[in-house]
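> There's a structure below that I have some questions on.
The values are calculated or read from the model by the stated rules, or taken from the named source; none is laboratory data. The structure presented is a predicted model; accordingly, all values stated were derived computationally and were not measured. With ideal geometry, Cβ positions are generated from the backbone for all residues, glycine too; neighbour counts draw on all protein chains shown.
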């Protein structure tokens, strides 16, 4: 299962890193060409570390595993808003002074809130799952007790991550869909 998710995710990421030029809007392509999609690919490849450990993850490994997964979820959300950059800038997230925050500069919480009513609704299954991943990822910053789940829950969350990748990818338009190939 991990390998299938890695392969699918990396194929999509590599496409957006290398193939968006020439057909994606210039501003979107510029955002994508500046993004460290290569790091998302590397972080996706790191999922094999947790696959090897499966149910024997220590608490420290589980915290690192959720940090890995949280970075991927955050990265996929940023990828989505960079691909749809022209839509994003038409109604962006702004700071207190009213200045637009670039999608690649948004924090996880802002990405989650902005995605409500775009990718999911408040308190629906996706909203709750993304919140859980965010909270467990943030355990890496914790000195106090935080809920980190169990290795079995993490394995299930990897399965859901595969569905999350599909949720995002299903909303992308590819050249063959534009040109009828």
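> Name the pairs: first residue in the range 161-177 and farther than 21 Å from residue 69 by Cα, second residue at pLDDT below 85, Cβ to Cβ under 8 Å, at least 6 apart or on different chains?
Note: pairs meeting the criteria are 175/19; 175/23; 175/181.
> Okay, moving on. Among (1) under 15 Å from the mean Cα position of the chain (by Cα); (2) closer than 18 Å to residue 86 by Cβ, which single condition is residue 27 missing?
That leaves (1) as the condition not met.
> Select from the range 102-121 the residues that are surrounded by 15 or more Cβ atoms within 10 Å (Cβ to Cβ) and under 19 Å from residue 71 (Cβ atoms) and list them in ascending order.
Scanning the range 102-121 gives 102, 103, 104, 106, 108, 110, 111, 112, 114, 115, 119.
> For the range 138-174, enumerate the residues that are surrounded by 12 or more Cβ atoms within 10 Å (Cβ to Cβ) and within 17 Å of residue 79 (Cβ to Cβ).
Scanning the range 138-174 gives 161, 162, 163, 164, 165, 166, 167, 168, 169, 171, 172, 174.
> Now for a different question. Name, by its number, the condition in (1) modelled with pLDDT under 95; (2) loosely packed, with under 14 Cβ neighbours inside 10 Å; (3) farther than 24 Å from residue 83 by Cβ that does not hold for residue 128.
So the condition that residue 128 fails would be (1).
> Looking only at the range 85-100, decide whether some residue is touching a strand residue (DSSP E or B) at 6+ places or on another chain (Cβ under 7 Å), in contact (Cβ under 8 Å) with a residue 60 or more places away in the chain and on the phi < 0 side of the Ramachandran plot.
yes
> Go over the candidates 92, 25 one by one and state the one that is surrounded by fewer than 19 Cβ atoms within 10 Å (Cβ to Cβ) and within 15 Å of residue 105 (Cα to Cα).
From the options 92, 25, the qualifying one is 92.
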